[in-house]
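Following: one structure in structure tokens, then a few remarks.
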Number of protein chains: 2
Amino acid sequence: MRIGAIEAGGTKFVCGIGNEHGVIEDRIHFPTELPEQTMFRVISYFESHQVDAIGIGAFGPLDLRPDSSTYGYITTTPKAGWAQYPFLDTLRSHYEVPYGWDTDVNAAAFGEAAWGAAKGLDSCVYYTVGTGVGAGVYAEGRLIHGMVHPEGGHVPIRRLPEDDFSGVCPFHQECLEGMASGPAIEARWKRKGSELPADHPAWSMEAHYIAQAVSGTILMLSPQKVILGGGVMQQSQLFPMVRKEVCRYLNGYVQAEALLEDMDNYIVPPALGAEAGLYGALALGLEAWKKSKALP
Amino acid sequence: MRIGAIEAGGTKFVCGIGNEHGVIEDRIHFPTELPEQTMFRVISYFESHQVDAIGIGAFGPLDLRPDSSTYGYITTTPKAGWAQYPFLDTLRSHYEVPYGWDTDVNAAAFGEAAWGAAKGLDSCVYYTVGTGVGAGVYAEGRLIHGMVHPEGGHVPIRRLPEDDFSGVCPFHQECLEGMASGPAIEARWKRKGSELPADHPAWSMEAHYIAQAVSGTILMLSPQKVILGGGVMQQSQLFPMVRKEVCRYLNGYVQAEALLEDMDNYIVPPALGAEAGLYGALALGLEAWKKSKALP
């Protein structure tokens, strides 16, 4: 069996071909341009690689409601050309295969649950902290959507008293993305995060804000694993700092061994690294194929 | 068919008998005393009312992991006599029927999803705001548990600048329960909430804190309905205030009709009123019965 995987990011697309064992055998990537150009490259790729199903994890917001007339669309994105773009219909007009369709962060959570850090668990939350901040939620063995889909990058957080930065989110004062995304770090400290030394005060502040959101998520959802990915989390010194801040906030309230005794294995980087989203798209494609065959 | 329902609250137990159509035909309530006395009354009630299954929504924290040796226990509660109490085993030793077992707030969410404000939807979040604050989460057609179970009353919130109250939670500075529970209102204003007039500044502060948590939940989980119950929410003037504050925070970011145009039907009181938990216990019992018969 061959499953196609598309990680449709705001700056980069990755297409791949994999199998039901979570092995990706081929991949290609190219920059995200206007939809016509970008989708032409996607379609060309799958013309030379026949597949039984395709899974897609895409930048959003997306229409994920199967009964909606705009199901499969990218909806209100500010990204030029992509607003109200019928992503799934475009592919469907070329390839009649089962499709899996979800957000990039839900895909990453699903990939980690299938073959990564949350393998064998029935819940995890995946955060990406980079140019944007997003959260994918996997609970009780399935991805969570609800009314639209999680937008966990925009949860309210409380400002540290020593931080007078105004935030970069045009919608919210003091949301996680506004205060802790890559662009927020750069705007606050006038240097890119990648140029700041590991002991710069930027990182303890960053860890504090991420830990607030993670603490809230642990209390609200009690995931079995919290996975932190994205460009900012390449700063590996953040992991022990985030863990410590989460412990400090929870203060022993949640009586779970994972939190009390094994935090190093509870808040972790993606086991699939930067490819969590691509593996997740593969897992979405596989799930779509199974559904089409009425397999569990 | 007759299904037993037990709403095991920290101050009051309610036992009832209902059917698969969500009709409760008989009910009894009594204060929560020591387990021996209280469970004696529960067992006596079901001796005179034979049932095919029993559902329980209980105060926690609880052990909900079916593979755990202490599954069915109330675990680390400070309530005298109830810590590490084998609730389910005690009932099982008297009645061999299928049991449903979940938190009081998950039960309430489930009741509202079965027969209340979220009927026909596949997601909702139920908050109780009273002596304690808790949250039940229903998503993708099932109750969410994860590692332990949601403890949404303890999510971090940010203090209003004009509020110098230190909070009543012994674990967290500035969590929702610590700042917005009934005891927090009483400690802050030196009067019970029920004695404060509807235009007292306590209520705008209360609405602000509840709205913070609700906004975070909408962003993280995108529930199709948010239901606010519990003693404090008897102050019905809170509903329009909470809705307004949630709109103010979200600021149009989440493009969903329910939020942009129909907030009055999105953040609502429980349709089952104070009996959401009892109906939820009935729904849990019915689910357990169906599972035992391998019905969907």
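Here, each number is a calculation from the coordinates, and none is a lab measurement. Remember, it's a predicted structure, so these values are computed and weren't measured experimentally. Please note: Cβ atoms are built from the backbone with ideal geometry, for glycine as well, and neighbour counts cover all protein chains shown.
Below is a table of values for the structure above.
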read-out	value
Where rotation carries B onto A, the chain B residue whose Cβ is nearest that axis, in whole Å	B:Arg158, 2
Nearest-first distances (nm) between copies at B:Phe30, label 7 Å from Cα via Cβ	7.4
Those residues of the stretch A:51-91 whose amide nitrogen sits under 18 Å from the label point placed on B:Asn251, 7 Å along Cα→Cβ	A:61, A:77-78
Where GluC sites (Glu not before Pro) in DSSP loops with at most 13 other Cβ within 10 Å are excluded, longest remaining stretch of chain A	A:163-296
Convex hull volume of the stretch A:117-269 per residue (C-alpha atoms, cubic angstrom)	108 Å³
Aspartates and glutamates with Cα under 18 Å of B:Lys290, excluding same-chain neighbours fewer than 8 positions away	B:Glu20, B:Asp52, B:Glu96, B:Asp102
Neighbour-count order for A:Met220, B:Met179, A:Met241, fewest beta carbons within 10 angstrom listed first	A:Met241, A:Met220, B:Met179
Convex hull volume of chain A per residue (C-alpha atoms, cubic angstrom)	132 Å³
Packing-based exposure ordering (other Cβ within 10 Å, fewest first) of B:Ile17, B:Ile28, B:Ile218	B:Ile28, B:Ile17, B:Ile218
Entries in A:Lys79/A:Lys190; A:Lys244/B:Lys291; A:Lys12/A:Lys119 that, when Cα-Cα distance is taken, lie over 30 Å	A:Lys244/B:Lys291
Between the stretch B:206-237 and the stretch B:148-196, the alpha-carbon center distance in angstrom	14 Å
Zone residues, the stretch B:247-270, relative to A:Arg65, backbone N less than 16 Å from point 7 Å out along Cα-to-Cβ	B:254-267
FRET efficiency, 1/(1 + (r/R0)^6) with R0 22 Å, evaluated for B:Lys291 and B:Val23 via beta carbons	0.55
Radius of gyration, Dmax [the protein assembly as shown; alpha carbons; angstrom]	24.2, 74
Cα long-axis angle, helix A:276-292 against chain A (0 to 90 degrees, to the nearest 10)	40 degrees
The protein assembly as shown - mean residue ellipticity at 222 nm from DSSP helices (-39,500 (n - 2.57) per run, n ≥ 4, rounded to 500)	-10500 deg cm²/dmol
Dipole moment magnitude, nearest 20 debye, the protein assembly as shown about Cα centre, only Lys, Arg, Asp, Glu C-beta charged	140 debye
Over the stretch B:239-285, volume per residue of the alpha carbon convex hull, in Å³	95 Å³
Equivalent ellipsoid semi-axes, the stretch B:180-278, via Cα gyration tensor eigenvalues times 5, rooted, Å	24, 16, 11
Copy-to-copy label separations for A:Ile43, where each label sits 7 Å from Cα toward Cβ, in nm and ascending	7.2
Span from the the stretch A:266-296 Cα centroid across to the the stretch A:58-82 one, whole angstrom	20 Å
Inter-probe distance in nm under a simple model that places probes 7 Å from Cα toward Cβ, at A:Lys12 and A:Ser204	3.3 nm
Prolate/oblate/rounded call for the stretch A:68-107, Cα gyration tensor, a/c under 1.5 rounded	oblate
Using a 7 Å Cα-to-Cβ projection, B:Ala198 label spacings across copies, nm, ascending	6.1
